[in-house]
Structure formats: structure tokens, C-alpha cells
Amino acid sequence: MNDLDGSVREAIEGGLLGERLWLYSNYHCNLACAYCLTESAPAVPRRRLPAEAMKAAAVEGEELGFGGIGITGGEPFLRRDLPGLAAELSELLPVLVLTNGTLFAGHRIDRLDPLRDRDVTLQISLDAATPIVNDPMRGPGNFERVVAAIPRLLERGIGVRVATTIYGQDEDELDTLRDLVGYLGVRPDDHVVRPTAARGRAVQAGLGEQAGVEELPAEVTVTVDGLFWSPFAPTVRGGRLDTDLLVSRQTAPLSAGVRKMLGLLGRAPTAEAARFK
Amino acid sequence: MALLNDRPDALVAARLPLVDREQAPLTVRDLYPSDRDASNITKTLAGSPDTLGALAPFLAQVMNPTTLDLATKEVVVLRVSAVNRCAYCVPTHELAARRAGLSPRAVAALASPQPPAAALEGAHRVLARYCDQLVADAGSVDDALLAELRGHFEDHEIVELTVLAGAITMLNYVAGVAAPPLDPWTVAER
């Protein structure tokens, strides 16, 4: 038993704290999406969270009572060690990896073999049912690569969810997208639709909804810069990390930062009340 | 003895980031006053919220009046800052020392790089000498000076004053490295 003595489990069961422990694997990305929270792009500083730190956080997270691991960035699969790492973490807890899904063409998908039949799900971003609507925000060719990747992943026994970010698509467009997602083999429950957060690059683009401590559900998020309130929190604007949702610079042991997070929970809405997921 | 750097005014850029209210980390947001801006030393420390969160109650404890009054505490704060040549802390605490009741002549003497003995009297005079020796000799104080200090202060008060001198030295180091600009209210009152 850790020294938090069940507090994390209680907070999760009470709906005050998200069950998933998030790990920011890196900040660089092969894309440069217009609404990116972290201003990720190929040439930005990588700011990798070391594999050993990710493993240590996951081990302690499981002991504390978290129910899952989320890995995000940046594009996690730009890290060569990510498939093996995700597979290893899935022995502790179910793993969800947020990815743009564009790095799996041709034989490159073989890199994901360690994930076959593991409790690892890839959450792939897809915003519209046509490249005309999808690609201006995410980059040329994005739609085609994602639509090609999803069935291939499912065929290999790798779980897929789809995440759609809203920035003006109407209901007809979203219905068409839902049909496409179903056609690709993804269940409706595995299609997440959420608003654009007005943080990071989205602010410069004039996009998104207010996403502060009042709006974002509490989800412990570990980065190389510290422990944050939410995976929507460690954002970058003008090349500088936002610290308004920073909880602690201490991430090891995880319990030290989590204790400070628990101390803040009474100030926030419950997870069910929040729209960002 | 010159100050480490020219006295910063409110327009000089800091060498380490100042964390403004809108970027204040969640755990230290309450340390930003609601009725005015936070001090620039607070904004500097907020870059490490865990450090600031632990320091704030400690500093409040060592700087608040106890059996020792505020004027006595400000003698230590101002004198230690002067010996450490802190370009941010000296002007800031010249004002605080005056508000605590020290005379303009005493404040000027304490803020001077030179030993201030002639401008001070009694306990404050001995305490200033104690600060000079404590900081200059890295914590070494000779028996004679300690005995003289005991003539004015209880042993527990000497513990408290010495901890205060150490705490202020720590802040002097932070301000020396970060070089925060003077706070606007300090500039306005000087």
C-alpha cells in the first residue's frame, strides 16, 4: 500500500479524478496541425519523457489505483521504442496511445507488431469524412493515410478508437463521418468527439473553447516538465510552455505530485461535467 | 563594494522568467494577491511552484514579528541584503524598513555597503555587526560578538534571527541570478 492510502482510487470512484494516467512521450510531430495544443511540428524540441520514467510512473500509477495509461504527445510513434514500451506498459494497465495514424503505411506497420493482441488501443485523429474538410487543419494527404491505416490496424489485432476535434463541422458532416468510422470497423463507442481547446496553436488561429481548470476534468498528466492537471494542460504558445495548469515539477515519486493534485480537486467540476475528453 | 549589477528598474528584463498571474501554476495561484500584482521575486519563484509553495509559509514565519518586532527583523533583512549586494532586495526593503519604523538615517546606513555602526544604536547596532560577520564569514561568528548579541537578545531569538539571515541570503541569491526588475510600487515610492 502506498502512502496515499487509497485516496486516488476513492477520487476516481467519486468522479473527481480521471482513471487514466497520462504520459507525454515527446513533443515533436511529423504534422503541424492548425489547432495543435502543443505547437508540435517536426523541428520543435523533442522533450522526450525517458522510457525509464514512463515505466516508473506506470508501475507507481498502478499501485496508486489508476485504471489505465494514456500516451500522448507530439506524435508518440516518432519514438522507435514506443511500440515495445506501450506493449510493456500494457502488462500493468490498459494503454491508450494518441496518434495521428500517418506513420503506418506499407511495411512500416510491421513496427507495431509488439502491440498485436495486447491491451493497447490507438486513438487516431480524424476530423471529417472528406479530405476537403479534414486536411486543411491536419495537412495534405492526412485523410487518405488515416483511412488506409485503420482497417490494417484492426486486421492485425490492434485496437482503434477515433477522435474528432470540432472546429466548425456541422451535424451532417459529423453524421457522414460517423458512418465512415463505422464502415472502417470502429464501434460507435470508440468514436470520441470533442471541442477544440483554446490553447496552444488554436489560440493563434482564433479557434476553440475556453479550457482552464474549470472546464477540464482532472487527469494526472506527466511530462518531462512536470505534472499537469490534464492532457490538455501542458500546452505551448509562442514556443513557451504554459504553466497555468502546472501542478508540480516533481514527478518521481508520482505520489508526491499526485498528492498536490488531490489537494486541488475540490475546486474543479466532476469529470462527468466536463466536455473535453 | 559595488552592487552585483546596476539597480534594476521596472523596465529592465529579468534573466529568468517572471510568471504572470495568468500563467501562475495551480498550487501557488493563491499566493498571487487579489488586490495587486505579485512581487517579482514571487513571480520568479513561481517557475518552481513546489519550491514557492514550501517557501511561502516558511518565509512568512521567519519574517513576521514574534518576540522580535518588525523593525528588528528588517535590520536583518536589509543588512544581509546589503552585504550580499542584492540589487532587488535592498531598495525593496529600504521601504519596508521605513514602514517598520526605522529612521531614514538608520535605513540609509543599513543599505550602505559600508559597516553601518555609527548610525545605529543599542541592539540594532550589535545585530547589524552580527549580520556583517555572519554573511561575510559564511556563518562563523566569534565568541565575543555572540556574547555581545546575547546582551540584547534571548537565545531563541538568536536562532530566529540567524535563520532569517540565512533565508534572506537564499532570496538574495535567487534575485542575484534572476535579476528581477524592481516592483512598480518600489519604483514609485523611492
Identify, from the list B:A136, B:A128, the residue that is within 17 Å of the chain's Cα centre (by Cα) and either exposed (fewer than 14 other Cβ atoms within 10 Å of the Cβ) or more than 15 Å from B:V77 (Cα to Cα) (or both).
B:A136
Test: B:A188 is of a type outside the set (F, W, Y), at pLDDT below 95, at negative phi and surrounded by fewer than 17 Cβ atoms within 10 Å (Cβ to Cβ):
yes
Which ones in the range A:54-76 are surrounded by fewer than 17 Cβ atoms within 10 Å (Cβ to Cβ) and either more than 22 Å from A:H28 (Cα to Cα) or among the small types (G, A, S) (or both)?
A:A56, A:V59, A:E63, A:G67
Taking the range A:1-14 and keeping residues surrounded by fewer than 15 Cβ atoms within 10 Å (Cβ to Cβ) and of a type in the set (G, A, S) leaves A:G6, A:G14
Selection within the range A:69-94 - of a type in the set (G, A, S) and in a loop (DSSP other than H, G, I, E, B)
A:G73, A:G74, A:S90
Selection status of A:G208, away from chain B (no Cβ under 11 Å) and farther than 30 Å from A:P50 by Cβ:
yes
For the range A:97-111, the count of residues that are surrounded by fewer than 20 Cβ atoms within 10 Å (Cβ to Cβ) and more than 21 Å from A:A34 (Cβ to Cβ) equals 7
Answer yes or no: is there a residue in the range A:144-155 that is out of contact with any Ser or Thr (no Cβ under 8 Å at 6 or more places or on another chain) and part of a loop (DSSP other than H, G, I, E, B).
no
If A:D135 meets every condition in (1) within 18 Å of A:A105 (Cα to Cα); (2) under 19 Å from the mean Cα position of the chain (by Cα); (3) of a type in the set (D, E, K, R) apart from one, which number is that one?
(2)
Hits in the range B:17-59 - residues which are within 18 Å of A:L245 (Cα to Cα), of a type in the set (D, E, K, R) and surrounded by fewer than 21 Cβ atoms within 10 Å (Cβ to Cβ)
B:D20, B:R21, B:E22, B:R29, B:D30, B:D50
Please determine whether any residue of the range B:45-66 is touching a strand residue (DSSP E or B) at 6+ places or on another chain (Cβ under 7 Å), among the polar types (S, T, N, Q), at the interface with chain A (Cβ under 9 Å from one of its Cβ atoms) and without any contact (Cβ under 8 Å) to a residue 60 or more places away in the chain.
no
When A:L89 is evaluated against the numbered criteria (1) touching a Ser or Thr at 6+ places or on another chain (Cβ under 8 Å); (2) at pLDDT 95 or above; (3) crowded, with 20+ Cβ neighbours inside 10 Å, which criterion, by number, is the only one it fails?
(1)
Could you list, in sequence order, the residues of the range A:167-192 that are crowded, with 16+ Cβ neighbours inside 10 Å and of a type in the set (A, V, I, L, M, F, W, C)?
A:L174, A:L177, A:L180, A:V181, A:L184, A:V186
Which of the residues that make up the range A:112-140 are within 22 Å of A:L82 (Cβ to Cβ) and either loosely packed, with under 15 Cβ neighbours inside 10 Å or at pLDDT below 95 (or both)?
A:D113, A:R116, A:D117, A:R138, A:G139
Tally up the residues in the range B:126-141 that are modelled with pLDDT of 95 or more and farther than 13 Å from B:T162 by Cβ, please.
4
One residue from A:D81, A:D117 being out of contact with any strand residue (DSSP E or B) (no Cβ under 9 Å at 6 or more places or on another chain) and at positive phi:
A:D117
Residues in the range B:68-76: is at least one at pLDDT 95 or above and within 14 Å of chain A (Cβ to nearest Cβ)?
no
Which members of the range B:161-173 meet the condition of being in contact (Cβ under 8 Å) with a residue 40 or more places away in the chain and either of a type in the set (S, T, N, Q) or crowded, with 19+ Cβ neighbours inside 10 Å (or both)?
B:L161, B:L164, B:A165, B:A167, B:I168, B:T169, B:L171, B:N172
Looking only at the range B:34-45, and only at residues there that are modelled with pLDDT of 95 or more and out of contact with any Asp or Glu (no Cβ under 9 Å at 6 or more places or on another chain), the one that is farthest from A:R249 (Cα to Cα):
B:T42
Among residues of the range A:211-230 being in a loop (DSSP other than H, G, I, E, B) and away from every other protein chain (no Cβ under 12 Å), the residue farthest from the chain's Cα centre (by Cα) is A:E215
Quickly run through the range A:231-262 and pick out the residues that are within 16 Å of A:V8 (Cβ to Cβ), more than 9 Å from chain B (Cβ to nearest Cβ) and not aliphatic (A, V, I, L, M).
A:T251, A:P253, A:S255, A:R259
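The values are calculated or read from the model by the stated rules, or taken from the named source; none is laboratory data. Bear in mind the structure is a predicted one, so any value in this text is a computation, not a measurement. FYI the Cβ positions are ideal-geometry reconstructions off the backbone, even for glycines, and counts take in every protein chain you see.
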